[in-house]
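In what follows, a structure is listed as structure tokens, so that the remarks can point back to it.
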Amino acid sequence: MKLVALSVAASLAASAAFAGGYVAPVVETAPVVAPVVPVEAGTDWTGFYAGLQYGQGNAELSDGEGESDFDGYGVHAGYLRDFGKLIAGAELDYNKADLDQSDTDADLWRLRGRVGYDMGKFQPYLTLGAARVSADYGDEDVSETGVTYGIGAEYLVTDRFSVGAEYSRSDFSDVAEDETGISGIDLDTDLVQVRASYRF
């Protein structure tokens with residue numbers, strides 16, 4: 001009888017232990033931390049700049065009597081302010097135009113506003129302003145103020161140095177008289193230039 005009682009007790013103990021089952025220990029893994037990638041600072045076009053430009057163009061009088069290709073070269077200086085995606089500023093430039101069809105040289109001054117779009121190191125832009133041309137054309141002294149406008153693009157090679165290309169057009173009214181002595185001859189110029197600027 002004692003043997004039966006001990007067998008039943010042992011059986012109950014084994015059943016209780018088995019009912020609880022084996023529970024594997026929970027191992028908590030350390031959280032994975034993503035590496036911090038440094039964020040590149042944005043390009044800031046704000047500041048003064050100055051440089052040189054060279055290109056070729058065409059000048060044409062509205063009476064059809066005068067037309068000439070020319071080389072245009074000179075200097076420029078200006079200031080830009082970066083407002084985020086919008087860049088605005090102003091520029092003054094001087095160009096010496098050597099006309100191919102004559103020995104005439106012309107002086108072209110331009111004061112222009114400029115609005116661009118910030119694409120990092122690349123900036124497309126538009127210009128609009130006033131132009132002043134002065135030249136001795138034949139026996140006439142041509143000197144007139146007109147409107148100028150254009151489109152261009154600039155690329156930052158370094159933080160201090162940029163290169164670009166630009167097309168501009170300048171329109172001048174009543175720069176000369178016709179054969180009857182009546183004024184009304186207009187002058188239109190087209191100019192394509194490459195530019196290099198140093199940024200202060």
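The values are calculated or read from the model by the stated rules, or taken from the named source; none is laboratory data. Note that the coordinates shown come from a computational prediction; the quantities given were computed from them, not determined experimentally. Please note: Cβ atoms are built from the backbone with ideal geometry, for glycine as well, and neighbour counts cover all protein chains shown. Surface accessibility is based on the protein's heavy atoms, side chains included, excluding ligands, DNA and RNA. Shrake-Rupley method; radii C 1.70, N 1.55, O 1.52, S 1.80 Å.
The table below lists the values:
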quantity	calculated
Residue list for segment 112-122, filter: assigned to a strand (DSSP E or B) and either in contact (Cβ under 8 Å) with a residue 40 or more places away in the chain or in contact with a Gly (Cβ under 6 Å, 6 or more places away or on another chain) (or both)	ARG112, GLY113, ARG114, GLY116
Flag for GLU67 being within 30 Å of ARG112 (Cα to Cα), of a type in the set (D, E, K, R) and at pLDDT below 85	yes
Where GLN101 falls short, out of the listed (1) farther than 13 Å from SER168 by Cβ; (2) of a type outside the set (Val, Ile, Thr); (3) out of contact with any Gly (no Cβ under 9 Å at 6 or more places or on another chain)	(3)
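Per-residue answers, yes or no, for (1) open to solvent by less than 50 Å² (accessible area, probe 1.4 Å); (2) in contact with a His (Cβ under 8 Å, 6 or more places away or on another chain); (3) part of a strand (DSSP E or B); (4) within 19 Å of GLU154 (Cβ to Cβ):
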residue: TYR73; (1), (2), (3), (4): no, no, yes, yes
residue: GLY84; (1), (2), (3), (4): yes, no, no, yes
residue: ASP93; (1), (2), (3), (4): yes, yes, yes, yes
residue: ASP98; (1), (2), (3), (4): yes, no, yes, no
residue: GLN101; (1), (2), (3), (4): no, no, no, no
residue: ARG110; (1), (2), (3), (4): yes, no, yes, yes
residue: PRO124; (1), (2), (3), (4): yes, no, yes, yes
residue: THR127; (1), (2), (3), (4): yes, no, yes, yes
residue: VAL142; (1), (2), (3), (4): yes, no, yes, no
